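Below you will find the structure I want to go over with you.
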Amino acid sequence: MKWNVWLSMILWISISSSLQAQSQKNPVFTVEINRDSVLMGNAFKVTFLLENGKGLNFQVPEFKDFEVVGGPNQSSSFSMVNGDVSQKMSYSFFLSPKMEGSFFIEPASIEVGGKVLETLPMEVNVYPNPDGIIQQDDEVIQHNMDFFFRDNDEHPQPKMEEPQKKRKTYKL
C-alpha cells in the first residue's frame with residue numbers, strides 16, 4: 001500500500017513538472033504554403049500552424065483573390081518524450097487562384113493565453129497556363145507511381161469468406 005502512495009506521488013510530481021515546462025514554452029503561430037508559384041487552374045495548400053499553445057477564436061483571412069477548393073482541415077497532436085512536451089494544431093486550406101498576378105495570403109489570427117497572435121502575409125505568384133499543365137505535389141506523384149509499380153504479392157487479393165460452422169451449445 002505504501003508503495004502505491006509513493007508511486008502515485010512520484011507520478012504526480014513528474015506530470016506537474018512536465019506541464020509546467022510546457023507552459024514555459026512560448027506559443028508560435030506560423031503560415032506555410034506548399035508552393036509560392038502556381039500555374040493558373042491549379043491549387044496549392046496553405047497551412048496555419050500553432051505550436052506550444054491552445055488556441056481559441058481562429059480567424060481565417062479573407063481569401064479574396066482565391067477560391068477555397070478544400071478545407072478547412074484541422075489536425076492536432078500532443079506528444080511527451082522524456083518530459084519534453086509539445087503540442088501542435090494546424091488548419092489547412094486548398095486554394096485555387098481566380099486570376100493571374102502576384103497576390104498575398106493575408107494574416108490569420110488566433111488567441112492564445114489572452115494574447116492574439118498573427119501570421120505574416122505570404123506572397124503567391126500566379127502564372128498563365130496556356131498548355132493546361134496540372135501541377136502535382138511530390139507526395140501525390142509518388143503515390144501514383146507506387147500504385148503502378150507495386151508488386152502484386154505485396155497486396156494479395158482478398159479471400160472469400162468461408163461459411164461459419166454451426167456449434168453445439170449446452171445449457172447447464
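Every read-out reported here was derived from the displayed coordinates using simple, explicitly stated rules and does not represent laboratory data. Computed from a predicted structure; not experimentally measured. As a convention, Cβ positions derive from the backbone with ideal geometry for all residues, glycine included, and neighbour counts pool all protein chains shown.
If the limit is 25 Å between Cα atoms, which of LYS25/LYS64; LYS45/LYS115; LYS25/LYS45; LYS45/LYS88 go over it?
Values: LYS25/LYS64 35 Å; LYS45/LYS115 27 Å; LYS25/LYS45 28 Å; LYS45/LYS88 18 Å.
Cα-Cα > 25 Å for LYS25/LYS64; LYS45/LYS115; LYS25/LYS45; rest within.
Also, quick follow-up: Using the charge dipole of region 25-128 (Lys, Arg: +1 at Cβ; Asp, Glu: -1 at Cβ; taken about the Cα centre), state which of PHE78, PHE66, GLY53 has its Cα farthest towards the positive end.
PHE78
Give, as a single signed number, the net charge of other residues whose beta carbon lies under 13 Å from the beta carbon of PHE93, with Lys and Arg counted +1 and Asp and Glu -1.
Its environment carries a net charge of -3.
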